[in-house]
Amino acid sequence: MDPNDVYPSNNPGPTKPDGSINFECHCVGHLVASPCGYEFREAVTCQKSSTETELENGACADQLMAFMECAIRTQCFKIMSVAAMPKEDGESDDRKS
């Protein structure tokens with residue numbers, strides 16, 4: 001089966017053919033839709049528009065920090081402890097967190 005039959009608008013990934021950011025990509029969609037979506041878009045947009053030298057000199061640090069602070073403040077990416085994670089078939093109950 002041809003992927004275009006299933007997905008008529010082929011999603012090009014995180015970068016569109018013209019080089020712009022594809023915020024609709026499944027790989028970043030959850031970040032855009034998170035409580036910190038605005039901060040995420042600002043950080044990624046800054047990163048994509050900066051040169052390697054600018055990034056090495058600290059460009060986008062404020063935007064990245066704003067995103068990280070939001071993620072910590074809202075706990076939107078809270079990680080479950082190993083003990084709270086669902087068991088997979090055949091896994092014993094002696095996991096430690």
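Worth pointing out:
- Residue within region 67-79 that is at pLDDT below 65, of a type in the set (A, V, I, L, M, F, W, C) and farther than 15 Å from ALA43 by Cβ present: no
- For region 36-82, filtering for residues that are outside any helix (DSSP H, G or I), more than 27 Å from ASP18 (Cβ to Cβ) and among the hydroxyl-bearing types (Ser, Thr, Tyr) leaves 1.
- Residues satisfying the stated conditions in region 1-49, i.e. surrounded by fewer than 15 Cβ atoms within 10 Å (Cβ to Cβ), hydrophobic (A, V, I, L, M, F, W, C) and either modelled with pLDDT of 85 or more or within 16 Å of the chain's Cα centre (by Cα) (or both): CYS27, ALA33
The values are calculated or read from the model by the stated rules, or taken from the named source; none is laboratory data. Bear in mind the structure is a predicted one, so any value in this text is a computation, not a measurement. Counting neighbours? That spans all protein chains shown, and the Cβs are built from the backbone with ideal geometry, glycine included.
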